[in-house]
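The values are calculated or read from the model by the stated rules, or taken from the named source; none is laboratory data. The structure displayed is predicted, hence computed values, not measured ones. When we count neighbours, we look across all protein chains shown, and the Cβ atoms used for this are built from the backbone with ideal geometry, even at glycine. Just the protein is used for accessible areas: all its heavy atoms, side chains included, with ligands, DNA and RNA removed. Shrake-Rupley method; radii C 1.70, N 1.55, O 1.52, S 1.80 Å.
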Amino acid sequence: MKTVHLIGIGPGDPEMVTVQAINTMKTVDVFFLLEKAGRGKESLLAVRRDILERYAGERPYRVVTAASPQRNRENPNYAEGVIEWRDERLTIIGDLIANELTEGQVGAFLVWGDPSLYDGMIESLSLLQRQGRQDFDFTVIPGITSVQVLTARHRIPLNRIAETITITTGRLLEDVAPADVTNAVVMLDSRQAFRRFAETGHEVYWGALLGSPDERLIAGPVAEVADAIEGELEAVRAQNGWVMDTYILRKP
Ligand SMILES: C[S@@+](CC[C@H](N)C(=O)[O-])C[C@H]1O[C@@H](n2cnc3c(N)ncnc32)[C@H](O)[C@@H]1O
């Protein structure tokens, strides 16, 4: 039997890698790195390589990189585009496990943040097994999420007393009436969905590139800070080619 570990590595700061993740890395024969295309995306790979250099230990290991497919943004049907992308990725992941690991070996994917939060790897490996691939078993090593770094930086609890917390995406937030949102974490937002929350008096706790030396933080009423957030988003995009940001919207 082959073993595959999905190791959560935190959101970019090597000091946020857990002891369990480090101890697991030291048992790995082959690390699989999926390369995303796009300007500046090589820095995501650089973080993973840095983590390996720091923590993977003296035991010999191989690093195998593969190009990660991109979602076809031309497809007007979002759900269909995501399924196509997922299937392509599934084939690549399945081939890596089949061709790059021998019987009894241990492989690992270094997963950004925590593998359970808006990441497809757990689903991909489960799906491969449901499709009949019985040659590997897998484990999940939890990691610190970008959401935890966001709340730590702003020194706020994730939920207020006896209050629900919702985790959603910029796309899904567009279908919700702002007045119905009391406390929501918003991820994967490429459309500044927070802007609709200016008139309802919501506050925003925003962070970009959390855990990196270029980390940006802004907090305040949406009506007052929305332009400043947009300015930071533009500045980071101009500098890096991409930006990852997460925020909490809260009714006062
Ligand atoms: C595909 S999801 C992966 C989330 C990841 N599994 C986690 O636990 O944080 C990517 C989204 O996570 C958020 N994110 C991840 N890393 C971040 C960071 N360093 N700073 C701010 N947001 C981040 C952004 O909302 C981004 O669009």
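Just give me the residues in the stretch 102-137 being over 22 Å from residue 44 (Cβ atoms) and part of a strand (DSSP E or B), in sequence order. Please lay out each step first, then the result.
First pass over the stretch 102-137, keeping only residues over 22 Å from residue 44 (Cβ atoms): 102-106, 126-137.
Listed by number, the residues that qualify are 106, 136, 137.
Quick check on my filter: what residues within the stretch 186-220 are in contact (Cβ under 8 Å) with a residue 24 or more places away in the chain, away from the ligand (no atom under 16 Å from the Cβ) and open to solvent by 30 Å² or more (accessible area, probe 1.4 Å)?
Residues satisfying the conditions are 195, 198, 199, 200, 201, 203.
In the list 97, 51, 93, which residue meets the criterion of being in contact with a helix residue (DSSP H, G or I) (Cβ under 9 Å, 6 or more places away or on another chain), away from the ligand (no atom under 16 Å from the Cβ), open to solvent by less than 20 Å² (accessible area, probe 1.4 Å) and not small (Gly, Ala, Ser)?
Details: 51 fails: away from the ligand (no atom under 16 Å from the Cβ); 93 fails: away from the ligand (no atom under 16 Å from the Cβ).
Going through 97, 51, 93 in turn, the sole match is 97.
Does residue 119 satisfy being of a type in the set (Asp, Glu), touching a Pro at 6+ places or on another chain (Cβ under 6 Å), crowded, with 18+ Cβ neighbours inside 10 Å and within 22 Å of residue 215 (Cβ to Cβ)?
Working: of a type in the set (Asp, Glu): yes; touching a Pro at 6+ places or on another chain (Cβ under 6 Å): no; crowded, with 18+ Cβ neighbours inside 10 Å: yes; within 22 Å of residue 215 (Cβ to Cβ): yes.
Judged against the criteria, residue 119 is not a match.
When the residues of the stretch 137-185 are filtered to those that are without any contact (Cβ under 8 Å) to a residue 24 or more places away in the chain and closer than 18 Å to residue 9 by Cα, which remaining residue is surrounded by the fewest Cβ atoms within 10 Å (Cβ to Cβ)?
152
In this structure, does residue 108 turn out to be of a type outside the set (Asp, Glu) and within 15 Å of residue 3 (Cβ to Cβ)?
Numbers: of a type outside the set (Asp, Glu): yes; within 15 Å of residue 3 (Cβ to Cβ): yes.
So residue 108 fits the description; yes.
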